[in-house]
Amino acid sequence: MKLYVLLSVTLLLQVTSTLVFGEEENITSQKHLSEIGEVFPKPPTRPSPTVFCICVPYHLCRNKTIVRRISIDIRPNEEPCPNSLDVCCYDQIKPKDTPNISYYEHRTFCGHWNSAGVGLGINGHSNDDAQFGEFPWMMAILKLGANNSKTHLCGGSLIHPKVVLTAAHCVISKNPKDLVIRAGEWDLQTENELLPSQDHEVLKIINHENFDPHVIVNDVSLIIVTKPFLLRENVGTLCLPSPNYVFDRQRCYASGWGKKVFGKLAANHVILKKIDLPVVPRSSCLELLRKTRLGMDYILPEGFICAGGETGKDTCQGDGGNPLMCPIENRPKQFQQAGIVAWGIGCGNEIPGMYVDVALFRNWIDEQMAKEELDTSYYDPDY
């Protein structure tokens, strides 16, 4: 009996060797191969990286080793996975193994610009894609629909863990129960980002008491959420300027998920975009506006600043409420909010866009924060 078992095992090892290394062929029947496979399963053949690999979140796969920082390419023609943050991978790291990113609440100074992103770098971002977590104060205002669906409505900036600064025209007619406020968002089409986004319900909306939707003046609102957002690398607050601060001729950034071009049929961006824009002096801006359909008698209301006027670089529909943010003088890594996207004449032309002058409304914002007993130091650049 012992000899028979030894011979059987020897035969099985020979056949298994044939299956793995292909040194011999047709040694036994298909039935016998099936029986052998139950004892000695065939090792999986390494699949083709473009056909048989498995799409997994990028932070779960990097040569079997988790790393602090990796690079991905979001260009759809070169990425075989349906989600921009998935990668084609053979070996999936256990879900409990995550990159060395801190998940606990922490507070840094307001306006902290993550110029290189958080945790990953993006290759091939020729279309002005923002890095993940580059502007941690960016907020997405979402509208609830049927079956609990969420669609992008407009944007805002986080100025306190419970407060979002936005444009009144975005939310003036909205029921707070129909809105969801999202922090830490980057790619609207996936939830596989390195750090998760956070969704909170709206407690109340404070619109400027003198907002006029017909001429779009005093176009500013504060959204108070039901509980504070957790401050992380991809969620932080933006500084606000002192009252009457002047930003003329500064080079600033605007960011958002708005439409690519003007028009009802135009599609929104799914990945956060950024553009750099010059702040245009009021006199020059008014001169350009009067050459449009507004006419030679048009007077730009107080409470607006102008930015842009460079062909192909502009905010557009869906960007309402998003911040225009500028580096603080002598602090290139710290930003303060110059404006709120309000309105414009078309998109991407030589006419500057109109932005709510945040400095002019700084006192109003402080007053509302005091009424709500909320700490204003979260947006104080000198705190």
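Debye-formula intensities of the range 178-262, expressed as log10 I(q)/I(0) at q = 0.11, 0.22, 0.24 Å⁻¹, are -0.48, -1.33, -1.31 (one equal scatterer per alpha-carbon, no solvent).
If you count, for each residue, the other Cβ atoms within 10 Å and average over each peptide, how do 291-304, 156-169, 131-144 line up from highest to lowest? Display every interim value, and only then the final one.
Numbers: 291-304: 12.1, 156-169: 25.9, 131-144: 23.0.
With the highest mean Cβ count within 10 Å placed first, the list reads 156-169, 131-144, 291-304.
Loop-only GluC sites (Glu not before Pro) in the range 159-215, please: DSSP not H, G, I, E or B, and at most 10 other Cβ atoms within 10 Å. Sparse-neighbourhood loop GluC sites (Glu not before Pro): E209. Counting only heavy atoms of the protein chains and using a 1.4 Å probe, F109 has close to 90 Å² of accessible surface. For the range 161-216, the mean projected area of the C-alpha convex hull, equal to one quarter of the hull surface, is 5.1 nm².
Tell me, what does the Kirkwood hydrodynamic radius of the range 113-229 come to in angstroms if you use every pair of distinct C-alpha atoms?
15.3
What shape does the range 226-356 take by its C-alpha gyration tensor, where a ≥ b ≥ c are the square roots of the eigenvalues and a/c under 1.5 counts as rounded, a/b above b/c as prolate, and the rest as oblate? Could the numbers behind the result be given before it?
On the way: a/c = 1.98, a/b = 1.29, b/c = 1.54.
Note, shape of the range 226-356 comes out oblate.
Let me check I've understood the local charge: for I328, count other residues with C-beta under 14 angstrom from its C-beta, Lys and Arg +1, Asp and Glu -1. What total comes out?
Numbers: positive: R251, R331, K333; negative: E329, D380, D382.
Cβ neighbours under 14 Å give a net charge of 0.
Output the relative contact order of the range 249-383, whole-number percent, from Cα pairs under 8 angstrom with separation of 6+ residues.
Numbers: 256 pairs, mean separation 32.4, N = 135.
Reported relative contact order: 24 percent.
Summed over the residues of the range 244-383 and divided among them, the accessible surface reaches 47 Å² per residue at a probe radius of 1.4 Å. Here the label points at S173 and D276, each 7 Å from Cα along the C-beta direction, are separated by 3.9 nm in the simple model.
The values are calculated or read from the model by the stated rules, or taken from the named source; none is laboratory data. Everything quoted here is computed from the prediction, not taken from an experiment. Cβ sites come from the backbone with ideal geometry, for glycine too, and all protein chains shown count toward neighbours. Note: areas computed on protein heavy atoms with side chains; ligands, DNA, RNA excluded. Shrake-Rupley method; radii C 1.70, N 1.55, O 1.52, S 1.80 Å.
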